[in-house]
Amino acid sequence: QVQLVESGGGLVQPGGSLRLSCAASGNIFSVNEMAWYRQAPGQQRESVAGISSGARTTYADSVKGRFTISRDNGKNTVYLQMNNLKPEDTAVYYCHAVVAGPPYNYNKDYWGKGTLVTVSS
């Protein structure tokens, strides 16, 4: 089994910054695509940013230029640096990873439990 544990959420004023982390642990052969999603109250979950095992990145238009996704393959950890935060960034942020594990090295999707980011003055 694989677990994803997020950290780094909290309350921040508009214009401020936060850094989210998500560490994958358990029976892992390799961690492939990693990504961050978010879900605001009353809205559907949406993709924020993704990063491949080769560090190719993608971003939602709403966060381009403000958020940066990165990863440490040695630690099976993905980060989301969020700058110039806006009230509309308020949401629960979820980590997602595609992980290959035993016994057959098949890829499987995993989700973290989420961390709340609140942007408010």
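The values are calculated or read from the model by the stated rules, or taken from the named source; none is laboratory data. Model, not experiment: these values are computed from the prediction. Ideal geometry is used to build each Cβ from the backbone, glycine not excepted, and the neighbour counts take in all protein chains shown. With ligands, DNA and RNA removed, areas are computed over all heavy atoms of the protein, side chains included. Shrake-Rupley method; radii C 1.70, N 1.55, O 1.52, S 1.80 Å.
Restricting to the stretch 43-73, give me the number of residues that are farther than 19 Å from Y110 by Cβ and either in contact with a helix residue (DSSP H, G or I) (Cβ under 7 Å, 6 or more places away or on another chain) or at pLDDT below 95 (or both). Of the residues in that region, 2 qualify.
Going through (1) at positive phi; (2) in contact with an Asp or Glu (Cβ under 7 Å, 6 or more places away or on another chain); (3) without any contact (Cβ under 8 Å) to a residue 24 or more places away in the chain one by one, S52 falls short only on (1).
Do you know which of the residues in the stretch 53-93 that are in a loop (DSSP other than H, G, I, E, B) and small (G, A, S) is farthest from V117 (Cα to Cα)?
Here is the first cut: in the stretch 53-93, the residues in a loop (DSSP other than H, G, I, E, B) are 53-56, 60-66, 76, 83-86, 90.
From the residues that got through so far, the ones that are small (G, A, S) too are 53-55, 60, 62, 65.
On the way: S53: 26, G54: 28, A55: 25, A60: 17, S62: 16, G65: 19 Å.
So, considering only residues that are in a loop (DSSP other than H, G, I, E, B) and small (G, A, S), the one farthest from V117 (Cα to Cα) is G54.
A count restricted to the stretch 55-80 and to residues that are among the hydrophobic types (A, V, I, L, M, F, W, C), touching a residue at least 40 places away in the same chain (Cβ under 8 Å) and more than 18 Å from T90 (Cα to Cα) stands at 1.
Residues are listed down the side, and each one gets a yes or a no for (1) within 11 Å of V31 (Cα to Cα); (2) open to solvent by less than 80 Å² (accessible area, probe 1.4 Å):
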position	(1), (2)
T58	no, yes
I69	no, yes
G74	yes, yes
Y93	no, yes
K108	yes, no
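When G42, G54, G26, G65 are checked against the criterion of being of a type outside the set (A, V, I, L, M, F, W, C) and in contact with a strand residue (DSSP E or B) (Cβ under 7 Å, 6 or more places away or on another chain), a single residue qualifies: G26. Would you mind stating whether S52 is under 15 Å from the mean Cα position of the chain (by Cα), open to solvent by less than 30 Å² (accessible area, probe 1.4 Å) and among the polar types (S, T, N, Q)? So S52 fits the description; yes. Being assigned to a strand (DSSP E or B), open to solvent by 60 Å² or more (accessible area, probe 1.4 Å) and either farther than 20 Å from Y59 by Cβ or among the hydrophobic types (A, V, I, L, M, F, W, C) (or both) is the filter here, so list the residues in the stretch 25-46 that pass it. Of everything in the stretch 25-46, nothing turns out to be assigned to a strand (DSSP E or B), open to solvent by 60 Å² or more (accessible area, probe 1.4 Å) and either farther than 20 Å from Y59 by Cβ or among the hydrophobic types (A, V, I, L, M, F, W, C) (or both).
In a residue-by-residue description of the stretch 12-24, the property of being surrounded by fewer than 14 Cβ atoms within 10 Å (Cβ to Cβ), modelled with pLDDT of 95 or more and among the aliphatic types (A, V, I, L, M) applies to no position.
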